[in-house]
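Below: one structure, written as structure tokens.
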Amino acid sequence: MAGELYVVATPIGNLGDMVPRAVDVLHAVDLIAAEDTRHSGRLLQHLGIETPMMAYHDHGDDRQMQRIKDALLAGQKIALISDAGTPLISDPGYKLVREVRQSGFRVIPIPGPCAVIAALSASGLPSDRFSFEGFPPHKSSARIKKFESLAKAPHTLIFYESPHRIVEALEDMIGVFGLEREVVMARELTKTYETFLSGSLADVHQLVLADPNQQKGEIVLILHGADEEAINPDNDEQDRVLRLLLDELPLKQAVALAAKVVGGQKNSLYQRALVLKGGS
Ligand code: SAM
């Protein structure tokens, strides 16, 4: 009997979102490793599950990891759950899954609720490309640095944020991404007071300031990616210079000179020159 680790998603608010396969697995396994056994105990009690539990945290002591590995070596099946949603997504489990997989055991996902995916799926913002950025740093200076590193990302950006920091985080976002960048704030997903606020950063900031209820509960922020202008503000100037030089010089020389005049990568200027030449 080979040991197996199941990574099991649990509800992010609405208990009706517990998937039947997750319930079956939690019944069937020998041991449940939980982020907080008291918190998860309430869910298991609600589901009538009496499987033994142990606490697991990535930053816990090595004995937790050793106990799980010993149990797997003895052929036991173990489920990993966190307080809410999908383990490892801003929750414990990464170290465990990596170690267990590297030790040659099967790791089996039981998919289900996850706030980042639920928020994105109903946000109306582009979902073809996105990055999940977790919680922004707590301190404003570090948060601004983090936002600056993402200012030119063209894809949708998704953050988790605490209600205590939501106003400051929106203010720092305005400082870096500008008043007009489109944002959706998804709050209390799957719960009674589920709310989506959408509009420009300036709009959503005003709505949150005006209504203290918007500064409560659990929050996901989904930010539109940068548009072409933000990614390359000198586009117009770059095109103007390239066009002038392409009229007078062979393509390679025009690109080399344009790179000296407007700066920028020769490769991307070369690609742009091909487009401009094709269109002229
Ligand atoms: N593992 C979880 C998941 O799959 O989404 C996330 C755990 S993380 C510690 C908790 C954060 O997730 C919250 O602070 C909030 O940003 C977000 N979150 C969790 N549940 C939520 C909900 N019902 N509505 C909105 N955001 C939620």
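The values are calculated or read from the model by the stated rules, or taken from the named source; none is laboratory data. Just so we're clear, the structure is a prediction, and the values are computed from it rather than from any experiment. For neighbour counting, all protein chains shown are included, and Cβ atoms are generated from backbone atoms with ideal geometry for every residue, glycine included. Areas reflect the complete protein model, heavy atoms only, side chains present, ligands, DNA and RNA absent. Shrake-Rupley method; radii C 1.70, N 1.55, O 1.52, S 1.80 Å.
Taking the stretch 78-119 as the range and being farther than 13 Å from Phe132 by Cβ, open to solvent by less than 10 Å² (accessible area, probe 1.4 Å) and either near the ligand (Cβ under 7 Å from one of its atoms) or aromatic (Phe, Trp, Tyr) (or both) as the test, the residues that pass are Ser82, Pro87.
Kindly indicate the residue of the stretch 120-130 that is within 15 Å of the ligand (Cβ to nearest atom) and open to solvent by less than 70 Å² (accessible area, probe 1.4 Å) and also farthest from Ile222 (Cα to Cα) among those meeting that condition. Even if it seems obvious, please write down each step before you answer.
The first filter runs over the stretch 120-130 and keeps only residues within 15 Å of the ligand (Cβ to nearest atom), leaving 120-123, 130.
After this cut, where a residue has to be open to solvent by less than 70 Å² (accessible area, probe 1.4 Å) as well, the list is 120, 122-123.
Details: Leu120: 7, Ala122: 11, Ser123: 8 Å.
Among them, the one singled out is Ala122.
For the stretch 186-197, the criterion of being surrounded by 14 or more Cβ atoms within 10 Å (Cβ to Cβ) and away from the ligand (no atom under 14 Å from the Cβ) is satisfied by no residue at all.
Each residue in the stretch 261-276 was checked for being surrounded by 14 or more Cβ atoms within 10 Å (Cβ to Cβ) and hydroxyl-bearing (Ser, Thr, Tyr), and 1 pass.
Check the stretch 144-166 and report whether any residue there is among the hydrophobic types (A, V, I, L, M, F, W, C) and open to solvent by 60 Å² or more (accessible area, probe 1.4 Å). Walk me through it before giving the result.
Keep residues of the stretch 144-166 that are among the hydrophobic types (A, V, I, L, M, F, W, C), which gives 144, 147, 150-151, 153, 157-159, 166.
Okay, now just the ones that are also open to solvent by 60 Å² or more (accessible area, probe 1.4 Å), so none.
No, the conditions are met nowhere in the stretch 144-166.
Name the residue, out of Glu50, Glu133, Glu35, that is within 16 Å of the chain's Cα centre (by Cα) and either open to solvent by 10 Å² or more (accessible area, probe 1.4 Å) or within 11 Å of the ligand (Cβ to nearest atom) (or both).
Working: Glu50 fails: within 16 Å of the chain's Cα centre (by Cα); Glu35 fails: within 16 Å of the chain's Cα centre (by Cα).
Exactly one residue qualifies, and that residue is Glu133.
Evaluation of Leu201 against the conditions (1) open to solvent by less than 60 Å² (accessible area, probe 1.4 Å); (2) farther than 30 Å from Gly134 by Cα shows that the sole unmet condition is (2).
Just one of (1) assigned to a helix (DSSP H, G or I); (2) open to solvent by 40 Å² or more (accessible area, probe 1.4 Å) fails for Leu245. It is (2).
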